[in-house]
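Notes follow the structure.
What follows draws every value from the coordinates through simple rules; no lab data is involved. Because the structure is predicted, anything quoted here is derived from the model rather than measured. Quick reminder, even Gly has a Cβ in these numbers, built from the backbone with ideal geometry, and neighbours come from all protein chains shown.
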Amino acid sequence: MATAPKTHRPLTGGTPRQEHDKRRGSAQERGYDSRWHKLRALYVLEHLLCEDCEANGLTVVVDEVDHIIPIDGKYDPLRLDAANLRSRCKACHTKKTHNWDVRIRRMYDDLIGTGIDHDEARDAVTRWAK
């Protein structure tokens with residue numbers, strides 16, 4: 001039985017995904033540190049089911065704790081704000097992230113730019129995004 005020939009891969013560089021991961025930094029650098037993991041664990045204890053599926057009458061166990069308004073690094077005030085969290089299954093998290101994260105963050109930043117305080121901007125965008 002014949003096998004496929006070996007593929008030559010250069011020693012430098014990497015796949016586009018590897019290059020992207022290098023640029024974005026580690027999870028710790030992006031704000032997912034021990035404080036985040038403690039908050040996430042507490043949130044899961046209180047929200048065992050995917051909140052999106054539950055709103056549609058389905059019972060699906062949570063896989064992810066998602067920031068409704070995506071965070072912008074470890075110093076973002078939304079990073080450890082429980083009001084900015086939502087439990088989601090993998091499918092709902094992927095769908096939300098793919099479709100909305102850039103738009104939601106831009107909306108939040110625009111509200112902050114008009115002088116609205118952090119809590120009001122978060123609440124407005126969170127109501128819209130849920």
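Here are the numbers for this structure:
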read-out	value
Residue satisfying condition, being in contact with a Pro (Cβ under 8 Å, 6 or more places away or on another chain) and of a type outside the set (D, E, K, R), within set H47, H118, H37, H67	H118
Hits in the stretch 58-72 (condition: without any contact (Cβ under 8 Å) to a residue 24 or more places away in the chain and either in contact with a strand residue (DSSP E or B) (Cβ under 7 Å, 6 or more places away or on another chain) or closer than 21 Å to I104 by Cα (or both))	T59, H67
Single residue of the stretch 30-43 satisfying the filter (of a type outside the set (K, R) and over 15 Å from the mean Cα position of the chain (by Cα)) that is surrounded by the fewest Cβ atoms within 10 Å (Cβ to Cβ)	S34
Selected residue (criterion: farthest from S34 (Cα to Cα)) from residues of the stretch 77-96 that are crowded, with 16+ Cβ neighbours inside 10 Å and not charged (D, E, K, R)	C92
Flag for K74 being out of contact with any Ser or Thr (no Cβ under 7 Å at 6 or more places or on another chain), among the basic types (K, R) and farther than 22 Å from D33 by Cα	no
